[in-house]
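Here is the structure we will look at, set down as C-alpha cells.
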Amino acid sequence: GLLCRFGAYGVVAASLAESHRLQCTAPEASARGLVALEVSVNGGSDFSRSGVAFRYELTPVPHRAAPTTGPPLGGTLVSVHGSGFSNSLLLACRFGAVESVAVFVSSTVVNCTAPPHSAGVVALEVTTNGVDFSAANVSYVFVSLVRVLAVLPKTGPTAGSTNVSVVGTGLLPG
C-alpha cells in the first residue's frame, strides 16, 4: 500500500490522486517545525529518501476583528487579533466564502482588506497555508451604507440640548 511518513510524527495511508501525485493527511504533531515527508509504495518496507520538508505551524486562531463592520463595497482595512499567525506568502483571510490577502503584522495581528460582499453577517477566518482555515467564527458584518435623508429640527441653540431626529437608511441599533 501507499504510505506517507511525517518524520517522527507517524505514518499515514496515502491514495493515488494522479500518476504523479499522492494525497495523505498529516498526523498531529507535538511541536512546530520541519519534518521530512517520505513515501512508501510497498506498504512501509521501504521509504523514499528525498528529504523534502513539510513544516508544522501553529494553528491560527482569530479572537476578534476591528472594526467589526464595513460596507458591502468592501475596502475596509480589518485588523484581526488572535494567536498563531505566521508570516507566510499564503497568509489570507476569508470573509464568509470570499478570500482576501492578509498582511502579517505579528504573531497576534494580521491585517486584511474586506472584499466586496452582500450585506449580512459572515464568519471571518484566517489561514497561513492557503488550505486550512481557522474555525473560530469571528463575526464580521457587511452593513448597507448609512444615508442621512433628513434631520428634524434643522436648527438649535449653541447651548446644545436640542433633541434631534435623524431619518435615513442603513441605520442599525447599537
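The values are calculated or read from the model by the stated rules, or taken from the named source; none is laboratory data. Here the structure is a predicted model, which is why all the values come from computation and not from measurement. Don't worry about glycine lacking a Cβ; one is built from the backbone with ideal geometry, like all the others, and counts go over all protein chains shown. In case anyone asks, the SASA skips ligands and DNA or RNA and just uses the protein heavy atoms, side chains included. Shrake-Rupley method; radii C 1.70, N 1.55, O 1.52, S 1.80 Å.
Here are some notes:
- Taken about its Cα centre, segment 26-86 carries a charge dipole of roughly 220 debye when the Cβ of each Lys and Arg holds +1 and the Cβ of each Asp and Glu holds -1.
- Farthest toward the positive end of the dipole of segment 50-156, out of Ala135, His81, Ala92, is the Cα of His81, where the dipole comes from beta carbon charges about the Cα centre.
- Charge-dipole axis of segment 1-154 as Lys and Arg at +1 and Asp and Glu at -1 on Cβ define it, positive-most pick from Thr68, Gly43, Leu149: Leu149
- Neighbour net charge for Arg94 - beta-carbon separation under 12 angstrom, K R +1, D E -1: -3
- For the chain, built as a Gaussian network whose Cα springs stay under 10 Å, the top-fluctuating residue of Val98, Val110, Val164: Val164
- Normalising the Debye intensity of segment 1-136 to I(0), with uniform scatterers on Cα atoms only, and taking log10 at q = 0.08, 0.10, 0.17 Å⁻¹ returns -0.30, -0.44, -0.88.
- Qualifying trypsin sites (Lys or Arg not before Pro) in segment 1-42, DSSP loop, other Cβ atoms within 10 Å at most 13: Arg32
- Relative contact order %, the chain, counting alpha carbon pairs below 8 Å whose residues are six or more apart: 16
- From the largest down, segment 1-51 spans 32, 20, 16 angstrom on the principal axes of its Cα atoms.
- About its Cα centre, the chain has a charge dipole of approximately 480 debye under the convention of +1 per Lys or Arg Cβ and -1 per Asp or Glu Cβ, with nothing else charged.
- Here the Karplus relation 6.51 cos²θ - 1.76 cosθ + 1.60, evaluated at θ = phi - 60°, turns the backbone of segment 139-154 into coupling constants of 8, 10, 10, 8, 10, 4, 4, 7, 9, 8, 9, 6, 10, 9, x, 8 Hz, with x for every Gly and Pro.
- Listed residues Ala13, Ala150, Ala66, most fluctuating in the chain (Gaussian network, C-alpha, under 10 Å): Ala150
- Accessible surface of segment 57-174 [probe 1.4 Å, protein heavy atoms]: carbon and sulfur percent: 60
- Calculated FRET value between His63 and Ala159, using beta carbons and R₀ = 45 Å, to 0.05: 0.55
- Sorted largest first, extent of segment 91-149 alpha carbons per principal axis (Å): 45, 20, 16
- Excluding ligands, DNA and RNA, the accessible surface per residue across segment 80-174 is 59 Å² with a 1.4 Å probe.
- A cut-off under 15 angstrom between Cβ atoms defines the neighbours of Tyr56, and their net charge, with Lys, Arg +1 and Asp, Glu -1, is 0.
- R0 of 22 Å, Cβ-Cβ distance Arg147-Asn111: FRET efficiency to nearest 0.05: 0.20
- Counting only heavy atoms of the protein chains and using a 1.4 Å probe, His81 has close to 50 Å² of accessible surface.
- Fluctuation leader among Ala159, Ala29, Ala53 - the chain, Gaussian network, Cα springs under 10 angstrom: Ala159
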